[in-house]
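To start, the structure itself, in structure tokens.
The values are calculated or read from the model by the stated rules, or taken from the named source; none is laboratory data. From a predicted model like this one, the values you see are computed outputs, not experimental measurements. A quick note on method: Cβ atoms are made from the backbone with ideal geometry, for glycine too, and the neighbour counts reach across all protein chains shown.
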Amino acid sequence: MKKECKIAVLAGDGIGKEIMEAAIEVLKAISQKYGINFQFQEALIGGSAIDETGDPLPEETLKIAKESDAVLLGAVGGEKWDNLPTDKRPEKGLLRIRKELDLFANLRPGKAYTPLLDASPLKENLIKGVDLLVIRELTGGIYFGEPRGIEERNGEKVGYNTMIYYEHEIERIARLAFEVARGRRKKLTSVDKANVLEVSAVWREVVNKVHADYQDVELEHMYIDNCAMQLVRRPRDFDVIVTGNLFGDILSDEAGALTGSLGMLPSASIGERYALYEPVHGSAPDIAGQGIANPIAMILSAAMMLDLTCKLPEAARDIENAIDKVLEEGYRTGDIWSPGTKKVNTKEMTEKIIEHIL
Ligand code: NAD
């Protein structure tokens with residue numbers, strides 16, 4: 001466990017500010033319980049940064065982020081900035097910070113909370129007990145590969161991209177995936193299309209090579225088409241899934257959809273030196289400023305930070321268990337409310353969670 005954790009707090013826009021306040025309150029409770037000292041430094045990003053400085057990612061924010069152990073990010077965007085040119089919009093700040101921090105891996109858990117099983121599109125007997133994590137390579141693969149372009153050949157238009165992975169890119173994400181799997185149920189599924197793609201043959205070879213250092217973790221390989229199917233047929237069988245950028249983009253959304261609720265989905269993006277933690281959802285302008293947003297995705301993102309950056313897994317488990325209990329007691333924010341449960345606002349939900357931590 002670290003004694004101190006320096007955190008850049010980038011609340012952003014819309015409900016970003018409300019859910020960030022909630023996460024900070026929870027972290028203060030963790031500090032009280034475990035004696036870890038958090039140093040929070042706030043900075044602007046997104047629309048609020050545009051309003052103050054004209055730039056969705058001001059230099060000062062980037063500096064603060066790079067001087068921190070971790071970045072906690074709320075959400076960016078809103079109608080007010082929708083008509084700006086693409087490179088001046090709030091979302092550009094988000095893309096730029098991920099790139100500047102060289103975050104090569106995106107981690108997205110998909111966990112089924114028993115009291116919320118009816119929010120899932122799957123039948124209860126399939127979704128019950130699901131607890132998986134998709135690790136997506138984020139800075140390589142077909143989204144960045146060269147050559148790419150649109151041109152004319154033989155009198156017609158063609159578009160093309162290149163799916164390319166270097167050994168070192170595969171090795172670093174495979175290593176991270178094995179490490180994370182080691183701290184969970186010790187099962188890793190590597191997803192590719194090795195029956196068709198050469199890039200996948202190299203992917204598989206490197207993952208197998210890294211496996212030699214992690215013999216305590218069970219490794220299986222699966223083709224992307226089969227994995228997409230098995231995720232809805234038997235999601236409980238998965239623990240950690242590691243895959244490239246394109247396949248991971250699709251699988252992480254699929255895994256998120258399994259559990260049903262956007263307000264419950266956290267994420268982590270990890271690089272060699274930096275890490276950024278943020279909820280999957282956006283700034284929810286339709287409910288912003290009302291104090292009714294679900295803070296759980298943001299609080300769970302802070303829990304991932306405690307686990308992966310602050311090396312305080314007990315505190316992360318405390319938060320997860322507290323959320324389980326609060327849901328079992330029937331407390332719900334509006335987005336996950338159903339008849340017979342007790343509707344609470346952001347602040348009340350946060351207080352309930354903290355009560356179970358302390
Ligand atoms: P959204 O995720 O903000 O909202 C979709 C729906 O889910 C809305 O009805 C919203 O009220 C609800 N919702 C989302 N999070 C919630 C929470 N924590 N509690 C309760 N309800 C919640 O997506 P959108 O409406 O498509 O986008 C709104 C803005 O957010 C846009 O400007 C978009 O560009 C931006 N956006 C930002 C991010 C990010 O910052 N990472 C991600 C997606 C969208």
Review point. If only one of Ala43, Ala70 is modelled with pLDDT of 95 or more, away from the ligand (no atom under 16 Å from the Cβ) and buried (at least 17 other Cβ atoms within 10 Å of the Cβ), which one is it?
Key: Ala70
Review point. For Ala257, all conditions in the list (1) under 10 Å from the mean Cα position of the chain (by Cα); (2) at pLDDT below 95; (3) more than 9 Å from the ligand (Cβ to nearest atom) hold save one; what is the number of the exception?
Key: (1)
Check your understanding: Which condition does Thr86 not pass, out of (1) over 30 Å from Phe238 (Cβ atoms); (2) within 13 Å of the ligand (Cβ to nearest atom); (3) out of contact with any Lys or Arg (no Cβ under 9 Å at 6 or more places or on another chain), if it passes all the others?
Key -> (3)
Point to revise | Long-range neighbours under 7 Å by Cβ, at least six apart or interchain, first residue over 16 Å from Gly291 (Cβ atoms) within region 325-345, second β-branched (Val, Ile, Thr) and outside any loop (DSSP other than H, G, I, E, B) | key: Val326/Ile353
Point to revise | Odd one out for Gly140, checked against (1) in contact with a Gly (Cβ under 8 Å, 6 or more places away or on another chain); (2) within 16 Å of the ligand (Cβ to nearest atom); (3) modelled with pLDDT under 95 | key: (2)
Point to revise | Selection status of Val199, part of a helix (DSSP H, G or I), modelled with pLDDT of 95 or more and buried (at least 18 other Cβ atoms within 10 Å of the Cβ) | key: yes
Point to revise | Of the criteria (1) in contact (Cβ under 8 Å) with a residue 40 or more places away in the chain; (2) surrounded by fewer than 16 Cβ atoms within 10 Å (Cβ to Cβ); (3) more than 21 Å from Leu73 (Cα to Cα), which one Gly260 fails | key: (2)
Review point. Among Leu107, Leu117, Leu103, Leu95, which is the only one that is without any contact (Cβ under 8 Å) to a residue 12 or more places away in the chain and within 16 Å of the ligand (Cβ to nearest atom)?
Key: Leu95
Review point. What single numbered condition from (1) modelled with pLDDT of 95 or more; (2) assigned to a helix (DSSP H, G or I) fails to hold for Leu94?
Key: (1)
Revision key, fill the gap. The one condition Val130 fails out of (1) surrounded by 18 or more Cβ atoms within 10 Å (Cβ to Cβ); (2) under 19 Å from Phe247 (Cβ atoms) is (2)
Study note, to complete from the structure: How many residues of region 274-298 are touching a Leu at 6+ places or on another chain (Cβ under 9 Å) and either among the charged types (D, E, K, R) or more than 6 Å from the ligand (Cβ to nearest atom) (or both)? The answer is 9
**Study point:** region 46-65 - residue that is in contact with a Pro (Cβ under 9 Å, 6 or more places away or on another chain) and within 15 Å of the ligand (Cβ to nearest atom) and, of those, nearest to Val280 (Cα to Cα)
**Key:** Gly46
Practice item. Return a yes/no flag: does region 307-328 have any residue that is of a type in the set (Gly, Ala, Ser), away from the ligand (no atom under 16 Å from the Cβ), assigned to a strand (DSSP E or B) and surrounded by fewer than 23 Cβ atoms within 10 Å (Cβ to Cβ). Key: no
Practice item. Report, ordered by the first and then the second residue, all pairs with beta carbons closer than 6 Å, sequence separation of six or more or different chains, a first member in region 66-90 that is more than 23 Å from Asp286 (Cα to Cα), and a second member that is assigned to a helix (DSSP H, G or I). Key: Ala70/Met305; Val71/Ala65
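One residue is enough: does region 15-34 have a residue meeting the conditions farther than 16 Å from Ile299 by Cα, without any contact (Cβ under 8 Å) to a residue 60 or more places away in the chain and either away from the ligand (no atom under 16 Å from the Cβ) or surrounded by 18 or more Cβ atoms within 10 Å (Cβ to Cβ) (or both)? Can you show your working first?
Residues of region 15-34 farther than 16 Å from Ile299 by Cα: 32-34.
After this cut, where a residue has to be without any contact (Cβ under 8 Å) to a residue 60 or more places away in the chain as well, the list is none.
Within region 15-34, none of the residues are farther than 16 Å from Ile299 by Cα, without any contact (Cβ under 8 Å) to a residue 60 or more places away in the chain and either away from the ligand (no atom under 16 Å from the Cβ) or surrounded by 18 or more Cβ atoms within 10 Å (Cβ to Cβ) (or both).
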Check your understanding: In region 234-256, is there at least one residue being assigned to a loop (DSSP other than H, G, I, E, B), in contact (Cβ under 8 Å) with a residue 12 or more places away in the chain, over 22 Å from Ser301 (Cα atoms) and among the charged types (D, E, K, R)?
Key -> yes
